[in-house]
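The values are calculated or read from the model by the stated rules, or taken from the named source; none is laboratory data. Small disclaimer: the values here were computed from a predicted structure and weren't measured. We place every Cβ from the backbone using ideal geometry, glycine too, and count neighbours over all the protein chains shown. Just the protein is used for accessible areas: all its heavy atoms, side chains included, with ligands, DNA and RNA removed. Shrake-Rupley method; radii C 1.70, N 1.55, O 1.52, S 1.80 Å.
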Amino acid sequence: MNMAGTVSRDGLVSGEEMHSFARLLFPICRSLTGDGVRQSLKLIQELLPELTVHEVPSGTQTFDWTVPDEWNIRTAYIEDPSGKRIVDFATHNLHVVGYSTPVDTTLTLDELQHHLHSLPDRPDVIPYVTSYYKRDWGFCLTHALRKTLTPGNYRVVIDADLAPGSMTYGDLVIPGTSTDEVLFSTYICHPSMANNELSGPVVATFLAQWISSVDRHYTYRFVFVPETIGTVVYLSKLLDHLKRHVRAGFVMTCCGDEGPFSFMPSRTGLTYADKIARRVLSRHKPDFVSYSFLQRGSDERQYCSPLVDLPVASVMRSKYHVYPEYHTSADDLNFVTAKGLNETLAIYAEMVATIERNELYTAVVHGEPQLGKRGLYPNTGGQVDQGAVSATVDLLAFADGTNDLEDIAQLTGHDQTTLERLARVLVQHGLLTTTRLRD
Amino acid sequence: MNMAGTVSRDGLVSGEEMHSFARLLFPICRSLTGDGVRQSLKLIQELLPELTVHEVPSGTQTFDWTVPDEWNIRTAYIEDPSGKRIVDFATHNLHVVGYSTPVDTTLTLDELQHHLHSLPDRPDVIPYVTSYYKRDWGFCLTHALRKTLTPGNYRVVIDADLAPGSMTYGDLVIPGTSTDEVLFSTYICHPSMANNELSGPVVATFLAQWISSVDRHYTYRFVFVPETIGTVVYLSKLLDHLKRHVRAGFVMTCCGDEGPFSFMPSRTGLTYADKIARRVLSRHKPDFVSYSFLQRGSDERQYCSPLVDLPVASVMRSKYHVYPEYHTSADDLNFVTAKGLNETLAIYAEMVATIERNELYTAVVHGEPQLGKRGLYPNTGGQVDQGAVSATVDLLAFADGTNDLEDIAQLTGHDQTTLERLARVLVQHGLLTTTRLRD
Amino acid sequence: MNMAGTVSRDGLVSGEEMHSFARLLFPICRSLTGDGVRQSLKLIQELLPELTVHEVPSGTQTFDWTVPDEWNIRTAYIEDPSGKRIVDFATHNLHVVGYSTPVDTTLTLDELQHHLHSLPDRPDVIPYVTSYYKRDWGFCLTHALRKTLTPGNYRVVIDADLAPGSMTYGDLVIPGTSTDEVLFSTYICHPSMANNELSGPVVATFLAQWISSVDRHYTYRFVFVPETIGTVVYLSKLLDHLKRHVRAGFVMTCCGDEGPFSFMPSRTGLTYADKIARRVLSRHKPDFVSYSFLQRGSDERQYCSPLVDLPVASVMRSKYHVYPEYHTSADDLNFVTAKGLNETLAIYAEMVATIERNELYTAVVHGEPQLGKRGLYPNTGGQVDQGAVSATVDLLAFADGTNDLEDIAQLTGHDQTTLERLARVLVQHGLLTTTRLRD
């Protein structure tokens, strides 16, 4: 078994395998609740057998929210005046407004228009629309199609249940040596869209699989929840535990396209999660885009709210709201690629590895140790080449118990890989000790 | 009754009314002590009946100072060799050096010159000169007149008493809901000059009158004292109380001309008074001049001394020492205008309003509240217009108990007026609570 | 007896006297141990009779180090194939690698080359080479000479002892009123080189002599030790005491050439020693070179190591490693000059004086004191010249118990000499009190 913090990430699955898993999940009609979520979690469980699935009854009060009724849809379509099915849920589940109430009626075109959603300036895509908390029904279609509709009577059918049931979510705790936790949270409430949001659960699944396969110091918690309401429920159940144990957390969303990496800080931008994310992105994806917390839009809204205040940031590819395909049928499995998924998984694995290997260093002996007697120092004096040993003595000089190797690299200008190698030697020789970081 | 913090300042008196009150006070010969101060405080009492007048006997020891003898002057003049009264206290009370000892004698011009004060480079104005702590006498006159004096015998008469008596000052406490206090301090020891210093007591009087007329949270303390010695006496009597209760204080001086506003910080520049003054001036008078504490020259010298160290700043128009009319007969009721007085009163009232409405905000629920169920949120999902609700969610996100609305406006970039409106709604809905600021 | 903090440094010895003392010490062959160190300390004792000489047996364990065997050398030479002594320890003690083991043999030129050290790009100087911790022997010579060597048999003789004995160091404590200490540390392990290192012990000797001759508040500790191992031994013996008492310390090295002054900060750069050194250099040698702690190379490596962490900086002329004469025979008594030594002594004396006179000021009375009644203030009011008294009132205003006069000078812009004069007057009048600085 490999150490998460020290081995290469060659054990990571390929982007193709992730893309193939995404294709399996893509057609399922997920929403805040319902069988689509259950079906998706079941497929994830095949890869992560330890994933626990929870059901929370509709009507459950939780912080400021109430778990909604459960929504399940079987068929939905519009027939034009000639009886032709021009819009059909069976062809794309974005065609129905999420949480639409059942309907089976005939309307004039004018009446129907009140229930149609399209994007005039993007006439070829179907928009994603929901009406979670207000009872309503509707259809989404391309604007191109909508413009062809002629007056007449249209039959609309939505065969759906919206009734008390339960909300489903999953979580997985991968225990480590320490009870300190690293949290990954992603959401599973979106129907057939690929970047926002299948890429998050997909990358989270394979990240969890990889973490399970390596030795680790920290405990890792993966949370697959419906956005907002699911996160609020999860926090309401576990807030005390999470506040005691979570050292860093990340919201995983928009993980699969090939756009530049995006960083969404926590509210303060000063947590350990922010530090790790900035470190790894700066080194491996130096062209990453750094957003303000004011531009947030996902579950960091819950994790970073004042009374919750967990150390949670978000690392994404193209950020929600920013890329044109967002929340439309164009956010599909062409937009999300094996390459994009693969790179994002690698960055998340690198963040895990960085956290795993992150240790504070403290010098053991007073003054400088005698490097020469250990063969760690050019032992002929006089015109000593200070450069050759300066990394060692600088490492020892700044190992005052508050710095990790990245800090020491920044303080001294020495390459961190060099410092890591030297630190291992010095630890072997009993000249350095390390402690794990706690906030 | 209006709330100080929430209503427009339309209830403020007009500049004309203040200017008219200034004209009433102007001719009175005030000094550190004497009937001029008593007469002035009596006129103020007609507007502020609750003002208490205190007498402190000459010789009273107080911190490092001793209350001086009381000075009262009846007549004073110089007769030229022909017997003509060329300088007469009756025409302008600046003609006599403040605290002049009595004299009735005849002198040669050479002898007389030692007792004359004029300004060669401002030949048409009478300078303001005092000799509080060294017994002396003298006359002030325009340099133009002085140059016309010809050799001969001059009769000089100063009919004055300088003898044990008392020093007079006034104060007024306008109680609020809280025992926390806001202090306004001005001085009443200057003879016939208008900006420095009648404008301070005049604006203070009408500010107090306005505050008395509105609902208020804080307690307001107005202090009308002779500069320096009066302030030292006041501090020596009330220091413990003031240190416990005063949250912000302001020295009111030079309040009546039409020059740009001036800001004199406290010693540290970091007190709540500094914050409020900078806020109000930045918003309403963005061209205000910010001075260094090194350029101080009024009672902040006492209030901000190391062992006193109260949170006291000063908001002025043209600052003492800076404008050419300062401490001369040119600082008159043409230099001070109704418009100038009016604007300054409005700024002080705005500072009061800002303090009154200043509250720290704390979110009530964990995570984001469900705005939709309260009609506070566009309740159709999908292509939500985040801009429309971002002010609300940002307000909630930064309501962590350390920020007031101005802070949140700065942190989020949202307009403060918008935030105030939203905060009221959120407080009504029980989603936000507020606490009053304490240092 | 003069006060160290208040008198001019006219009592300092001349540079010529220091240079003459350096000439006396120069020829002695010092090393980490041995009679050269003892002889040098004996000569220093003639000037500093209170200097205590300590012996630490070879083999003593101390922190991470072991005191090495003692090395004493009598003669050493190389004879060329013709029997001519071409390299002779008697002509320059740099000719022998420090800590060379005894040898008496005949070698071919090829074999000999493995034991020769020269500098190809500085062909006219003898390099300084040691082999303290690995048993070896060797000769150093000019590259010019080395190039003339022809094949043949060379006799090499090193008549030296390397055997258990002891390491020698000296220290001197000059008691003051306070048990708070200022530390000066210099090293005495270098053979015939002048700037690095005779200048350190020489300037330290005369600095100690001067301090002994003046009144002083602080206790001064002078340490003359072999570099690194001597410092480690000294720290191991006295660390607790030093950590309790040392307020500031300085490593004295490279003190005698005429290059610009150099400043080596402590690890944090924030100690009192750093502050004093920066202050004095900024004022008196504004063109000083400020190095990074990363460029350190002397005993600050021990004093500033994480577990020792004493407030120790270093003030030098041309820094070790930087000047081309460093660690060669060119670092001689032409490179070190009377002028250079003199200037460095003056700067160290100025640092002592600065520490001695450094006090925190606190105002005694509440509010501003009445300067007029004490004759400290122009006592005619009106057109008062604020400039004339602003230094006094500013000094009082910022005398809040956290500022010394340099701080107040910086805060107020007033000249520090003026403030010192005013502070003395105010202290006399009971208006200011002073306390000594503690970290």
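Other protein chain C-beta atoms within 10 Å of residue C-beta, averaged over B:206-216: 0. Using alpha-carbon positions, what is the distance between the centroids of segment C:346-366 and segment B:321-378, in Å? Measuring centre to centre over Cα atoms gives 45 Å. Annotation: amide H-H contacts under 5 Å for B:PHE184 (H modelled 1.01 Å from N, sequence separation of 5 or more, or interchain): B:ARG221, B:PHE222, B:VAL223, B:PHE250. Partner lysines whose Cα lies under 26 Å from the Cα of B:LYS319, excluding those fewer than 8 positions away in the same chain, are identified as B:LYS275, B:LYS285, B:LYS339.
Averaging the sequence gap over all C-alpha pairs within less than 8 Å and six or more residues apart, then dividing by the number of residues, gives segment C:176-268 a relative contact order of 47 percent. Sites listed here are trypsin sites (Lys or Arg not before Pro) in segment A:174-266 whose DSSP assignment is loop and whose Cβ has at most 11 other Cβ atoms within 10 Å, and the list is empty. A simple spin-label model places the labels of B:VAL103 and C:GLN410 5.1 nm from each other, with each point 7 Å out along Cα-to-Cβ. Accessible area per residue (1.4 Å probe, heavy atoms of protein chains only) ranks C:THR105, B:THR268 as B:THR268, C:THR105, with the largest value leading.
Whenever you get a sec, line up C:PHE335, C:PHE261 from highest to lowest accessible area (probe 1.4 Å, protein heavy atoms).
Heavy-atom accessible area, descending, gives C:PHE335, C:PHE261.
With contacts taken as Cα pairs under 8 Å at a separation of at least 6 residues, chain B carries a relative contact order of 18 percent. With an a/c value of 1.5 or above and a/b larger than b/c for the gyration tensor axes a ≥ b ≥ c computed over the alpha-carbon atoms, segment A:20-156 is described as prolate. As a calculated quantity, the FRET efficiency between A:ALA163 and B:THR402 at R0 = 41 Å, using C-beta atoms, amounts to about 0.35.
For the protein assembly as shown, adding -39500 (n - 2.57) for each run of n ≥ 4 DSSP H residues and dividing by the number of residues yields -9500 deg cm²/dmol at 222 nm. Report the paramagnetic label zone for B:SER178: residues of segment B:205-228 whose backbone N is under 17 Å from a point 7 Å from Cα along the Cα-to-Cβ axis. Inside the label zone: B:215-222. Residue-wise HN-Hα couplings along segment B:193-202, as the Karplus relation 6.51 cos²θ - 1.76 cosθ + 1.60 with θ = phi - 60° gives them from phi, are 9, 9, 7, 10, 6, 10, 4, x, x, 5 Hz; Gly and Pro carry x. Between B:SER213 and A:LEU307, how high is the FRET efficiency from 1/(1 + (r/R0)^6) when r is the Cβ-Cβ distance and R₀ = 56 Å? Nearest 0.05. Efficiency, rounded to the nearest 0.05: 0.90. Computed on segment C:208-335, the Cα convex hull volume stands at 130 Å³ per residue. Treating r as the C-beta distance of C:VAL322 and B:HIS429 and R0 as 60 Å, the FRET efficiency rounds to 0.30. Residue of chain A with the Cβ closest to the rotation axis carrying A onto C, and that distance rounded to whole Å: A:LEU270, 13.
What does the C-alpha gyration tensor say about the overall shape of segment C:190-259? Classify as rounded when a/c is under 1.5, otherwise prolate if a/b is larger than b/c, or oblate. Don't skip to the end; give the middle numbers.
Numbers: a/c = 2.42, a/b = 1.20, b/c = 2.01.
Oblate shape, in that a/c is at least 1.5 and b/c is the bigger or equal ratio.
Is the shape of chain B best called rounded, prolate or oblate, per the rule: a/c under 1.5 gives rounded, else a/b larger than b/c gives prolate, else oblate, with a ≥ b ≥ c the square roots of the Cα gyration tensor eigenvalues? Provide the component values of the computation, followed by the final result.
Numbers: a/c = 3.02, a/b = 2.44, b/c = 1.24.
Prolate, because a/c is 1.5 or more and a/b exceeds b/c.
Per-residue surface analysis assigns C:SER266 an accessible area of about 0 Å², computed on protein heavy atoms at 1.4 Å probe radius. With the simple spin-label model, which puts each label point 7 Å out from Cα in the Cβ direction, the A:ARG244 to C:ASP88 separation comes to 8.3 nm.
Along segment C:203-212 the Karplus relation, 6.51 cos²θ - 1.76 cosθ + 1.60 evaluated at θ = phi - 60°, assigns HN-Hα couplings of 5, 4, 4, 6, 5, 4, 4, 5, 4, 4 Hz to successive residues, with x for each Gly and Pro. With the simple model of a label 7 Å out from the Cα in the direction of the Cβ, A:LYS134 to C:LEU24 spans 9.9 nm. Sorted from closest to farthest, the other copies place their B:LEU145 label points 9.8, 9.9 nm away, with each point set 7 Å from Cα along Cα→Cβ. Accessible surface comparison of A:GLU46, C:GLU197, probe 1.4 Å, protein chains only, largest first: the order is A:GLU46, C:GLU197. With the label put 7 angstrom out from Cα along the Cα-to-Cβ vector, B:LYS84 ends up 11.4, 11.5 nm from the copy partners, going from closest to farthest. Could you work out the local net charge near A:LEU405, counting Lys and Arg as +1, Asp and Glu as -1, over the other residues with Cβ closer than 10 Å to its Cβ? Summing Lys/Arg as +1 and Asp/Glu as -1 gives -4.
For peptide C:368-376, the mean count of partner chain Cβ atoms within 10 Å of a residue's Cβ comes to 4.
Computed from phi, the 3J(HN,Hα) profile of segment A:355-364 under the Karplus parametrisation 6.51, -1.76, 1.60 (θ = phi - 60°) reads 5, 4, 8, 6, 9, 8, 10, 9, 5, 9 Hz, with x in place of Gly and Pro.
Other chains near A:305-311: what is the mean number of their Cβ atoms within 10 Å of each residue's Cβ?
Mean inter-chain Cβ contacts per residue within 10 Å come to 6.
Across the identical copies, the 7 Å label point of C:SER213, projected outward along Cα→Cβ, sits 8.0, 8.0 nm from its counterparts, in ascending order. Expressed as a whole number of Å, what is the distance separating the alpha-carbon centroids of segment A:208-253 and segment C:41-106? Using only Cα atoms to place each centre, the spacing works out to 66 Å.
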